[in-house]
Amino acid sequence: MNYNELLNNARDNGYAIPQINLNEITWIEPIINAANKMNSPIIIATSDNLIDLLGGYEFVCQTIRSKICAMKVDIPIKIHLDHSTSTENCVKAIDAGYDSVMFDGSKLDIIENVKETSKVVAYAHKNKVSVEGEVGGVGGKEDGIEDTIKYASIDDCITITKKANIDVLAPALGSAHGEYKGKPNLNFELMEQINNTLHQPLALHGATGISDTDLKHAIQLGHSKINFNTEIKKAWASTLRTTLEENPSFYEPQKIIKPAKMQSKMLQSI
Ligand code: 13P
């Protein structure tokens with residue numbers, strides 16, 4: 001299944017595909033391992049602001065694809081560019097072989113957002129690549145992207161979906177990147193309205209800290225992609241911290257990194 005078929009299949013059958021953000025190249029193997037163990041499709045995403053740190057679009061794409069071949073897994077694994085605010089970078093990721101790109105025009109007014117997202121869609125669709133668009137404001141702070149929570153309007157959801165012809169919509173519905181201050185307050189009424197009006201895959205950003213009950217509810221209401229980043233980073237950092245504290249004599253990177261790399265319990269629970 002290609003990216004759109006996969007997300008539409010998830011939507012039609014009441015499940016969602018986890019998006020896991022790649023923060024370190026050594027994370028590729030445990031992410032694939034965890035998805036394979038769960039026999040689950042998975043989306044591996046790179047935040048556009050971290051791409052140079054990870055080695056660039058081509059390096060990331062080719063490394064993931066080589067790893068999939070070497071590990072001989074046959075679950076669907078897709079590669080996605082997360083939160084790009086640059087049409088040029090979306091083109092670079094498409095040329096490098098990404099399956100999907102997100103153009104994040106949420107800080108622009110809706111007319112500009114549609115205009116810029118449409119440019120990405122035109123190039124992406126010519127290359128059989130999917131595009132995710134965002135309206136409203138996902139709160140919190142992550143990888144250099146910061147915003148306050150602004151609930152998406154139904155009109156903007158319709159406008160970006162129809163006029164820019166996007167494949168996946170990320171409407172801000174009360175979620176936030178990073179750690180929540182207080183309890184997340186998702187607007188399920190608005191979610192239902194968007195789902196009933198558009199009938200297309202939705203992406204939920206800022207899943208860390210949202211209860212399983214709310215995540216299941218969001219999946220029932222059209223979310224076929226759920227994005228996780230912070231909770232994986234926290235699990236990795238806490239294992240690394242413990243390894244260093246318990247083994248002050250360690251200096252070999254492989255010994256220090258291995259336990260954090262094996263910390264895939266969090267991924268397995270997704
Ligand atoms: P969290 O960091 O809150 O899990 O959100 C991830 C995300 O939405 C990436 O786009």
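What distance in nm lies between label points placed 7 Å from Cα along the C-beta direction at Glu252 and His217?
Placing both labels 7 Å beyond Cα along the Cβ direction yields 5.0 nm.
Run the numbers on the stretch 21-138 and let me know its relative contact order in percent, using alpha-carbon pairs under 8 Å that are six or more apart.
About 22 percent, as a whole number.
Out of all DSSP beta bridges with both ends in the chain, state the antiparallel percent to the nearest 5.
Just about 10 percent of them are antiparallel.
List the pairs from Lys67/Lys261; Lys72/Lys126; Lys37/Lys67; Lys72/Lys255; Lys119/Lys163 whose alpha-carbon separation is above 18 Å, in the order I gave them.
Correct reply: Lys72/Lys126; Lys72/Lys255.
Read phi for every residue in the stretch 37-43 and hand back ³J(HN,Hα) as whole Hz from Karplus 6.51 cos²θ - 1.76 cosθ + 1.60, θ = phi - 60°, with x for Gly and Pro.
4, 7, 6, 10, x, 8, 10
Pop a pseudo-label 7 angstrom from the Cα along the beta-carbon direction at both Met1 and His199 and give the gap in nm to one decimal.
1.8 nm
If you place +1 on the Cβ of every Lys and Arg, -1 on the Cβ of every Asp and Glu, and leave all else neutral, what size is the dipole of the chain about its Cα centre, to the nearest 20 Debye?
Rounded to the nearest 20 debye, it is 620 debye.
Would you mind ranking Glu252, Glu231 by Cβ crowding within 10 Å, fewest neighbours first?
Listing Glu252, Glu231 from fewest to most nearby Cβ atoms yields Glu252, Glu231.
Given a Förster distance of 41 angstrom, what is the FRET efficiency for Leu244 paired with Ser86, based on the Cβ-Cβ distance and rounded to 0.05?
Result of the calculation: an efficiency of 0.65.
List, in order, the whole-Hz ³J(HN,Hα) value for each residue of the stretch 107-113 obtained from phi through the Karplus relation with A = 6.51, B = -1.76, C = 1.60 and θ = phi - 60°; use x for Gly and Pro.
Whole-Hz 3J(HN,Hα) from phi for the stretch 107-113: 8, 8, 6, 4, 5, 5, 4.
Readers should treat all values here as calculations from the given coordinates under stated rules, not as data from a laboratory. Because the structure is a prediction, the values reported are computed rather than measured. Virtual Cβ from ideal backbone geometry, glycine too; neighbours counted across all protein chains shown.
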